[in-house]
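Novice: First the structure, which I've put down as C-alpha cells, then a few questions once you've had a look.
Each value in this text was obtained by applying a stated rule to the coordinates, not by laboratory testing. Remember, it's a predicted structure, so these values are computed and weren't measured experimentally. Neighbour counts are summed over all protein chains in view; Cβ atoms, including those assigned to glycine, are modelled from backbone coordinates with ideal geometry.
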Amino acid sequence: MKPVMKKSKVTANKKNLIDPFKEAKTGDTVGIHFVGRISGTKKKVLFTEPDEPFYFTIGDKTTFKLINDAVIGMKLHEIKQVRIAPHEGFGEVDEQLIFEVPLKQLPKGIKPGTILTEGPEATQEWVVTEINKKTKIVTLNGNHPLAGQHMTFEIELIDLDPEIDQ
C-alpha cells in the first residue's frame, strides 16, 4: 500500500522558538514543506502549499521511508534533498495493470485522462490513457501516475512537535 499524503489542522508549538537547535527524532510530529520533481526535470509534480505543510509522526509509516528517514536529525528550517527510486516511492510500472477494453463497455463521453473507479469502495482507479476510435478499443492504466519515475524531493522542516487540534 502506498503512503497517502494527508493534511492535519495544526497549531505551532511555541517551544520551537526557544530551542531552534532541537533535532527531529522518531516519535516526533513534524511539519514539512516539500517539492517533488521527476528527477532530471524542473516541473513540480508534488508539493505543499506555503500555508499548508504536510504533518506526520516520524516512524508512523504515513510517508515514504526515505523522506521519514531524511527528517530524522533535521533542525527547524533545515533543507535536504532526497532521491527516491520507483521501488521506494510510487512503485514500478506493473504491465498487468495496463489493458485494453472495448469502448462500448465504458461510460459514454470518456476521454484520455478520465479516471474510472472500480468497486463499491472505489478502491481501484483506472486512467483512460488512449482511445482508438478506429478499433473502438480503450487503453486503461491502473498504475499510479508517477509509477516508474525516479523522484527528487526537496524537504524543509518547518515545525517540530506541533500541538495537533483534534
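Novice: First select every other residue whose beta carbon is under 10 angstrom from the beta carbon of M151; then total the charges, Lys and Arg +1, Asp and Glu -1.
Specialist: Computed value for this residue: +1.
Novice: Then there's this: Full-extension gain between K43 and K134, please, as 0.36 nm times their residue separation minus the C-alpha to C-alpha distance.
Specialist: Full extension from K43 to K134 adds 29.3 nm.
Novice: If you don't mind, another one. Using a Cα-Cα cut-off of under 13 Å, which aspartates and glutamates could be cross-linked to K25, ignoring same-chain neighbours fewer than 8 residues away?
Specialist: Hits, sequence-local ones excluded: D60, D69, D159, D161.
Novice: Using a Förster distance of 45 angstrom, determine the FRET efficiency expected from the C-beta separation of L106 and T62, and round it to 0.05.
Specialist: Efficiency, from the Cβ-Cβ distance: 0.85.
Novice: Simple spin-label model, 7 Å along Cα-to-Cβ: F99 to A85 in nm?
Specialist: Those two pseudo-labels are separated by 3.0 nm.
Novice: Quick check: net charge around I137, other residues with Cβ under 12 Å of its Cβ, Lys/Arg +1 and Asp/Glu -1?
Specialist: Around I137, the charge tally is +2.
Novice: Where does the charge balance sit around V30 when Lys and Arg score +1, Asp and Glu -1, over other residues with C-beta under 12 Å from its C-beta?
Specialist: Its environment carries a net charge of -4.
Novice: Here is a further query. For the pair E78 and D51, what calculated FRET efficiency results from E = 1/(1 + (r/R0)^6), where r is the Cβ-Cβ distance and R0 = 25 Å, to the nearest 0.05?
Specialist: With a Förster radius of 25 Å, E is 0.80.
Novice: Looking at this model, which pairs from K42/K133; K111/K134; K42/K75; K111/K136; K44/K108; K22/K42 are more than 23 angstrom apart at the alpha-carbon?
Specialist: Check vs 23 Å cut-off fails for K42/K133; K42/K75; K44/K108; K22/K42.
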